[in-house]
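Okay, so here's the structure we're looking at.
Every number here is computed from the coordinates shown, using simple stated rules; none is lab data. From a predicted model like this one, the values you see are computed outputs, not experimental measurements. Because the Cβ atoms are built from the backbone with ideal geometry, glycine has one as well, and the counts that use them run over all protein chains shown.
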Amino acid sequence: MPVLRQNTAIFAVAFWAAGGVVHADEIRLGGTGAAHGILQILGEAYSTENPGDAVEIVSGLGSSGGIAAVSEGALTLAVSSRPLRQNEKAKGLDGIPFIDTPFMFVTSNVANLTISNADVVAIHDGTLRKWPNNKGIKPILRPRSDTASALLIESFSGMQAAMDKLRQRPEVPVAATDQDNLQAAEEITASFTAMTLLQFLTERPRLHAIMLDGVQPSVENMQAGKYTLRTNMQLITSAQPSAVARRFIAFTRTPQAQQLIRENGGVPISAQSAAVQ
């Protein structure tokens with residue numbers, strides 16, 4: 001699979017003050033690829049408000065990789081699309097509710113497509129192989145361990161068996177990361193895959209959103225209960241976050257940051273953790 005289009009984004013590193021150059025506090029963010037775009041947007045906005053802090057967005061880690069990096073001190077904060085496991089909590093990590101976003105299907109085929117829940121399963125088990133315009137449906141899989149695979153299995157009856165069947169087809173690609181998934185979907189004619197609305201709006205791929213049972217995946221429809229397929233993300237922090245980590249977390253709760261999240265396909269989640277006050 002092709003590599004990411006942009007490996008890292010680095011924002012303000014230092015600023016001039018009366019006494020000369022003031023060195024920045026460093027904050028490194030990463031985790032699930034679905035949050036890469038919103039982290040870039042929030043990182044840039046944060047740097048404008050906090051010019052003394054250097055923000056680096058690290059890509060390609062995934063949820064588990066981001067969690068491990070926070071545990072090892074290689075990341076300041078991570079975004080995870082799955083809850084912390086008990087062994088991860090035992091290492092002194094905390095998960096702070098962050099963003100809800102619709103989980104959606106996309107294609108490189110044509111706009112204004114709609115499919116049913118049954119169609120989703122039928123595409124995976126191979127009983128539905130053509131779009132209405134007669135183009136062959138080209139599904140893209142994610143690894144068995146990926147949270148996207150788990151979400152589909154949890155959300156659609158019969159999906160486990162259907163997905164197992166799809167994995168037996170040698171021509172079906174498996175995208176290792178969220179960015180690989182997006183890029184493959186752009187490059188494959190009449191593709192079919194799933195991603196978050198958050199990634200769709202922040203990375204703006206050359207793809208079309210697919211309606212599910214006639215309902216457009218949107219923040220408004222998700223909040224109204226019309227679009228029910230969704231995923232949530234957590235900010236992962238150490239039990240004793242650094243001052244710069246606390247500043248960034250506080251920034252995500254500001255009206256400015258929450259508006260940026262909403263504009264890009266997410267709903268900020270009220271924090272339930274007492275780790276950061």
Discussion item. Can you say what percent of the DSSP beta bridges in the chain, counting only those with both residues inside, are antiparallel? Round to 5.
Written reply: 70 percent
Practice prompt. Multiply the residue separation of residue 168 and residue 72 by 0.36 nm, subtract the distance between their alpha-carbon atoms, and state the gained length in nm to one decimal.
Written response: 30.9 nm
Fill in: 15 Å beta-carbon shell around residue 137, net charge (K/R +1, D/E -1)
+3
Item to complete: Please list 101-110, 239-248 highest first by mean number of surrounding beta-carbon atoms within 10 Å per residue.
Response: 101-110, 239-248
Discussion item. Taking the alpha-carbon distance from residue 130 and a cut-off under 20 Å, which lysines remain once sequence neighbours fewer than 8 residues away in the same chain are dropped?
Written reply: 138, 165
Worksheet item: Mind listing P(r) for the range 102-223? All alpha-carbon pairs, 10 Å bins, whole percents.
Response: 13, 50, 35, 2
Worksheet item: In the range 102-223, what percentage of the DSSP-assigned beta bridges are antiparallel, given to the nearest 5?
Response: 65 percent
Worksheet entry | Binned Cα-Cα distance frequencies in the chain - 10 Å width, integer % | 7, 29, 33, 20, 8, 2, 0, 0
Worksheet entry | aspartates and glutamates with Cα under 17 Å of residue 135, excluding same-chain neighbours fewer than 8 positions away | 119, 171, 186, 187
